[in-house]
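Colleague: Quick one: the structure is below, and I'll ask about it shortly.
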Amino acid sequence: MISEVLAVQVESAAKAAGLAVVSSEAGENAGGLTAKFTLALAADRAKTQTLELSERFEFGRPDLMDGVKTYLAEAAMRLRNPRPDCYTTLHGLPLSFSHFEWPFHPSSSGADTSLVHGEIHLAEGPVAENQPTALHAKVAASMTVTFRDVVPAPEQPFAEGFIYNAVRKTMDQGQLELVKSGNRQPVPLTTRYYSAKQKKFVFNDTNEAQRKEFLAAKVYWLSGVLGAGGAVWLLDPRDAQYLDVAVDELRRIANLLIADGLLRTGEDAEFASATPKLMEQREGYAAQLARMLQFIKPSFNEEMRSGLTNM
């Protein structure tokens with residue numbers, strides 16, 4: 001049974017963010033008993049996402065409440081995207097994130113780390129619901145003891161953003177492989193992703209050209225290819241964190257792309273869709289995708305495979 005107090009707290013906070021709780025159920029994973037809530041936009045209940053919390057999560061703690069409210073407000077914006085589950089990497093891979101099991105749980109190997117399991121799928125074209133593309137990676141994001149000290153709580157609202165960005169960063173580095181089947185692959189979360197001096201997460205050092213390429217690719221894939229031309233959120237704080245820029249910088253870059261005729265905004269200036277001019281670049285994006293898939297594919301020393309080595 002889900003705690004009635006927790007259920008009421010989640011429902012109230014969701015409503016304030018423009019969301020509705022359409023269902024709830026008790027769950028269990030390696031971390032213990034959980035409460036799982038299906039959230040939807042109050043104005044469009046076809047768009048949903050799962051919020052999974054520890055059964056004993058202290059929602060009412062003042063030091064946690066603001067973080068949960070911020071998470072829900074951002075979730076309401078992402079749910080307006082045609083594919084809220086999808087993100088793009090700095091090197092041009094469109095990825096779908098799913099089946100993440102919250103909260104963190106202790107490693108069963110005896111290591112002094114905490115883990116979250118999930119899956120990412122290559123999202124290169126429209127697919128039927130619940131029929132993701134075959135190329136995927138099962139991931140195990142591991143958080144060290146030192147890293148755990150900078151996280152307010154090992155729960156979804158406080159960790160989902162930096163885990164998704166760590167997955168994207170690890171993929172950019174060629175350290176995750178997309179396969180048709182396989183074991184879980186590690187995504188280490190260490191203090192190299194956190195600046196103690198600035199008290200913030202840091203994943204990439206980007207310049208203006210890279211930011212323009214990233215935002216254009218995001219709209220190309222999430223709007224033009226995956227979203228049937230629907231508008232996507234340009235000012236996602238997760239992207240700002242991933243690129244190590246302020247949200248205002250994303251706004252400035254978006255305006256440059258609009259001026260170039262690549263993006264089209266509607267009634268809400270924070271959202272934009274792909275223009276025909278952007279979609280004319282499909283060959284370039286297809287080539288970039290092929291290069292990245294080749295980059296993350298493991299390579300072998302052929303001389304060693306043939307025994308031509310003095311080791």
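Colleague: Would you list which lysines come within 21 Å of LYS69, measuring only between C-alpha atoms, while excluding same-chain residues fewer than 8 positions from it?
Modeller: LYS15, LYS36, LYS47, LYS199, LYS200
Colleague: Considering only ALA153, ALA209, ALA166, give the residue with the highest GNM mean-square fluctuation for the chain, with springs between Cα atoms whenever their separation is below 10 Å.
Modeller: Top of the fluctuation ranking is ALA209.
Colleague: Still on this structure, I have one more. What Kirkwood hydrodynamic radius do you get for the chain when you take the inverse of the mean 1/r over all pairs of distinct Cα atoms, in Å?
Modeller: Roughly 20.6 Å, rounded to one decimal.
Colleague: Report the rotationally averaged projected area of the stretch 1-80 based on its alpha-carbon convex hull, in square nanometres.
Modeller: With every direction weighted equally, the projected area is 5.0 nm².
Colleague: Now for a separate question. Send over the per residue convex hull volume for the stretch 208-295, Cα only, as a whole number of Å³.
Modeller: It is 97 Å³ per residue.
Readers should treat all values here as calculations from the given coordinates under stated rules, not as data from a laboratory. Keep in mind it's a predicted model, so treat the numbers as computed, not measured.
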